Amino acid sequence: MAPDGLHRVGKTQEARDSVTPVQAKLAEKPIGLLEFARHAGRNMLEVIPIETTRQTYLRGPLNIHYICDPEIVTELLVGKGRDFPKAKFTKDIIGSAVGNGLILSEGQKWKAQRRRYSPLFAARNLPMLAQHFAETGMEMADSLAEGHGLVDAAQMGPAATLTNISRVMFAGNEEVSAEEIRVGLRKYFEYITLISLFDLMGLPSWLPRQKWFRSKQPVTSMRWLARQVIEERRNENRPEPLDFLDLMIAALEEDFEDIETTVDNLLTFVVAGHETSANAFAWGVYLLALHPDVQAEIRNEIRSVSPEAPITYDDIQKMPLLRAHIRETLRLYPSAAFFARDAGAELTIKGIRFEKGDALFFPVYSLHRNVCLWESPNLYRPERFLGTTVPRGQFIPFGDGPRVCIGAQYAETELMVLMASVLRCIVFSMTATPVPRPVLTFTMRPGGPIILNARPI
Ligand code: HEM
């Protein structure tokens, strides 16, 4: 323990602080509505004012509020504003892909679904899910060991989390092949990544969107595939749940949910859980390549717990440094870098007045790098999350309150198992290829390839 009570990891703090991980380019000057629409569809980070990293509250144009004050964040997400609906534009953007599932539904419909699905994500199911994640992790480690050379971290993440989804949600079907699912999911993700400018501008939903012309075929096919998978598994009548889909079907049988809502939720979990975890994995590997000293310490931690056998849920409970690394990764690169609510009623918090209908923006990227809240916010310091508690509302990669991410523990388990499986036998290092800035469309992802060296030990 260092004299100031903080853990220090690896080399001297100064040596590590000399490297600043890549940052987003936020808007340096106020942006008009047309410019907003032009940039937002390409990269939403470009329209978030840079002041949001220097002050904790900013009044935007029209009825927009940018909120980075932890107390206001908490009051809006957990306190008086907790029932405010998701922003209408979120629904316009992803509604056609995920329907009225858990992410987008409101009121009684949302409550019933949250009650139904919460037990699926409970801690008791995580060891079973971890087994599937470990299988993917071992395969990834083997293929990296064989490849012996340059890798694109931005591609490794999506490949691994897509395999995990196929394993825990679509596995074991005879009628629908794994290849069909893989191709279907890829096209489906291409479709939802195309955020429509009109959606962001809040124009009427009957105006044509660019993505309509790209055809809704991927969504229709994916819904059809999901329905097939559910029906087929339902007919199997498995005595015990072996994966996530079994758990969903048990909920369907016990609670008489209609099958279309189950399809909505299967796709909701696929959408919410694939790209988010994939990006975190990519950024996490990049940060460790940038900080070889921390990488070596984490590797020692993993190997002292489990040198060879598949990583289990119990194993990752004994890896505090790896957990701190995942949290620091999600602070610097929160996959959900921005989310929003529409004020459902008039409310005053800390002297700031929110009118009914106002747009409440939570620019998580800026909150997590705000100079008023964090020491050296742009530097990678996993020890921030070792033995210290961050004030509520200051670190919200998974949101907070009743609509907090239902998959938060699933995601942390997935990320830790994948990282542990790979890091204990592969060393990542930087190359001369520049690292792209983050880009935010549906989630915040690397704006291009992150080329690293991967060397087996
Ligand atoms: C690193 C990975 C992940 C991140 C950063 C993340 C982030 C978030 C955030 C910030 C929210 C709240 C949004 C809001 O309040 O408007 C959310 C909600 C949600 N997430 Fe995640 N998520 C991740 C992984 C997952 C996974 C793996 C699943 C499922 C398998 C999932 C399913 C959901 C669902 C269903 C909701 C909506 C919950 C509700 O409204 O009741 N997420 N996520």
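The values are calculated or read from the model by the stated rules, or taken from the named source; none is laboratory data. It should be emphasised that the depicted structure is a prediction, and the values quoted were computed from it without experimental measurement. So basically every Cβ, Gly included, is an ideal-geometry build from the backbone, and we count neighbours across all protein chains shown. The area values use the complete protein model at the heavy-atom level, side chains included, leaving out ligands, DNA and RNA. Shrake-Rupley method; radii C 1.70, N 1.55, O 1.52, S 1.80 Å.
A few notes on this one:
- Restricting the first member to the range 390-414 and to residues that are of a type in the set (V, I, T), and the second to residues that are more than 6 Å from the ligand (Cβ to nearest atom) and open to solvent by 20 Å² or more (accessible area, probe 1.4 Å), the beta-carbon pairs closer than 6 Å and six or more apart or on different chains are I406/F121.
- Within the range 343-360, the set of residues being modelled with pLDDT of 95 or more and either within 20 Å of R323 (Cα to Cα) or hydrophobic (A, V, I, L, M, F, W, C) (or both) comprises A343, A345, L347, I349, I352, F354, L360.
- Remark: pairs (first residue in the range 339-360, within 16 Å of F89 (Cβ to Cβ); second residue open to solvent by 40 Å² or more (accessible area, probe 1.4 Å) and away from the ligand (no atom under 16 Å from the Cβ); Cβ separation under 6 Å; 6+ apart in sequence or on different chains) = A343/K356; D358/N63; A359/N63.
- Top-ranked residue in the range 248-294 [being among the charged types (D, E, K, R) and more than 24 Å from T161 (Cα to Cα); ranked as nearest to the ligand (Cβ to nearest atom)]: E257
- When F339 is tested against (1) more than 29 Å from P21 (Cα to Cα); (2) in contact with a strand residue (DSSP E or B) (Cβ under 9 Å, 6 or more places away or on another chain); (3) open to solvent by 10 Å² or more (accessible area, probe 1.4 Å); (4) not acidic (D, E), exactly one condition is not met: (1).
- When the range 90-118 is limited to residues that are open to solvent by 40 Å² or more (accessible area, probe 1.4 Å) and touching a strand residue (DSSP E or B) at 6+ places or on another chain (Cβ under 9 Å), the one that is nearest to the ligand (Cβ to nearest atom) turns out to be I103.
- Residue within the range 311-327 that is within 30 Å of V439 (Cα to Cα) and among the aromatic types (F, W, Y) present: no
- The residues listed here are L150, L162, L144; of these, the one that is in contact with a strand residue (DSSP E or B) (Cβ under 9 Å, 6 or more places away or on another chain) and under 18 Å from E414 (Cβ atoms) is L144.
- Meets criteria (in contact with a strand residue (DSSP E or B) (Cβ under 9 Å, 6 or more places away or on another chain) and of a type in the set (D, E)) for D293: no
- Looking across the range 16-52, the residues that are of a type in the set (A, V, I, L, M), modelled with pLDDT of 70 or more and part of a helix (DSSP H, G or I) come down to M44, L45, V47, I50.
- Residue identified as of a type in the set (F, W, Y) and closer than 30 Å to K91 by Cβ among Y313, Y365: Y365
- A residue that is without any contact (Cβ under 8 Å) to a residue 60 or more places away in the chain, closer than 18 Å to L418 by Cβ, buried (at least 16 other Cβ atoms within 10 Å of the Cβ) and not hydrophobic (A, V, I, L, M, F, W, C) cannot be found anywhere in the range 311-321.
- Screening T389 against (1) in contact with a strand residue (DSSP E or B) (Cβ under 6 Å, 6 or more places away or on another chain); (2) open to solvent by 40 Å² or more (accessible area, probe 1.4 Å) leaves a single unmet condition, (1).
- Matching entry among E135, E146, E139, E71 (being within 30 Å of R341 (Cα to Cα), more than 14 Å from the ligand (Cβ to nearest atom) and assigned to a helix (DSSP H, G or I)): E71
- The number of residues in the range 231-247 being among the aliphatic types (A, V, I, L, M), within 16 Å of the ligand (Cβ to nearest atom) and surrounded by fewer than 22 Cβ atoms within 10 Å (Cβ to Cβ) comes to 1.
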